[in-house]
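The values are calculated or read from the model by the stated rules, or taken from the named source; none is laboratory data. Bear in mind that the values here come from a model prediction, so they are computed numbers and not experimental data. Because the Cβ atoms are built from the backbone with ideal geometry, glycine has one as well, and the counts that use them run over all protein chains shown. All accessible areas refer to the heavy atoms of the entire protein, side chains included, with ligands and DNA or RNA removed. Shrake-Rupley method; radii C 1.70, N 1.55, O 1.52, S 1.80 Å.
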Amino acid sequence: MKYTLAFDVYGTLINTSAVLVSLEKLLGKDTAKPFMDTWRDKQLEYSFRRGLMDKYTDFSVCTDNALNFACKKFKITLSCEQKEALLNEYTVLPAFDDVKDALIDLKTAGHRLFAFSNGSKEAVTKLLKTANIFNYFEAIISVEHVKIFKPSPIVYDYFLESTNAKKEESWLISSNNFDVIGSKMFGMHSAWVQRTPDAIMDPWGITPTATIHKLTDLAKNL
């Protein structure tokens, strides 16, 4: 069967941890990793809060706000130039090593491939082009059109409407728990990309349709 595949972008296709190298140069190795994790966690938290408050803004604003929080938490002062450099780096992050081969296999098999993101279409386009994977996707579906973030069911419904797809014929592929659970509760198939052995699925009693450790394992699970 040929499926419509919705690929989360940040953390699934695109390696957000690549910014660690720059952070290590700025902050030192002991601080860089916890700083990066705080930045990412707060980035997601701020998007969730804005969704609940019905106060949508571009995802890049959440990224900026989260960076400022991390600086306050770790009592680190970065110059405007240093902050701008880190935020700019977030717009040109690389893809994970397994992404391109997986996309080629899935596209060759006849599946429909879409990038599906909380980021703006402009930002995601730049990311995918920088990572040299843009041309594998039929389109980019961004939440900016409905002005609320995943995991709102409104967003998954918008994806189906935009792609003219049915729930039972669609898969959400993500390394982010909230996205996997949100799409599964909505009624789509979901594949959790467990990129590290210590990654834990939230214990909500909701099981992904498939759990994979590399994106190249997806094709045999469809």
With point charges of +1 on the Cβ of Lys and Arg and -1 on the Cβ of Asp and Glu, referenced to the Cα centre of the chain, which listed residue (Asn118, Val99, Met36) lies farthest in the positive direction of the dipole? Met36
Using the alpha-carbon atoms, what tilt in degrees (0 to 90, nearest 10) does helix 80-89 show relative to the longest principal axis of the chain? 20
Quick check: the angle from helix 29-53's long axis to the longest principal axis of the chain, C-alpha only, nearest 10 degrees? 60
Figure the gain on full extension for Asn68 and Met185 (residue separation times 0.36 nm, minus the Cα-Cα span) and round it to one decimal in nm. 38.8 nm
Helix 99-108 versus the longest principal axis of the chain: what angle, 0 to 90°, nearest 10, using Cα atoms? 20
Once fully extended, how much extra length lies between Asp97 and Phe178, figured as 0.36 nm per residue of separation less the alpha-carbon to alpha-carbon distance? 26.8 nm
Hey, what's the range 39-195 come to in accessible area per residue, 1.4 Å probe, Å²? 47
So I have (1) 48, 39, 37; (2) 53, 37, 34; (3) 47, 38, 31, and one of them is Cα extents along the principal axes in Å calculated from this model. Which one is it? (2)
Just flag the trypsin sites (Lys or Arg not before Pro) in the range 1-76 sitting in loop per DSSP whose Cβ has no more than 12 other Cβ atoms within 10 Å. Lys2, Lys55, Lys75
Between the alpha carbon centres of the range 119-134 and the range 1-58 the gap in Å comes to 15
Report, in debye and to the nearest 20, how large the dipole of the chain comes out about its Cα centre when Lys and Arg carry +1 and Asp and Glu carry -1 on their Cβ. 180
Report, by chain and number, residues whose modeled amide H sits under 5 Å from the one on Leu172, excluding near sequence neighbours (fewer than 5 apart, same chain). Ala6, His189, Ser190, Ala191
So how much slack lies between Ile200 and Leu222, counting 0.36 nm per residue of separation and subtracting their Cα-Cα distance, in nm? 5.7 nm
24 Å Cα cut-off, lysine pairs counted over the range 33-135 (separation 8 or more, or different chains): 27
Zone of Phe48 (label point 7 Å along Cα→Cβ, backbone N under 16 Å): which residues in the range 159-180? 175-180
Unit charges at the beta carbon, dipole of the range 118-170: most positive-side option, Thr163, Phe137, Leu127: Leu127
Along the range 178-192, Karplus-curve 3J(HN,Hα) (6.51, -1.76, 1.60; θ = phi - 60°) to the nearest Hz, with x for Gly and Pro, reads 4, 6, 4, 5, x, 5, 5, 5, 5, x, 7, 6, 9, 10, 8
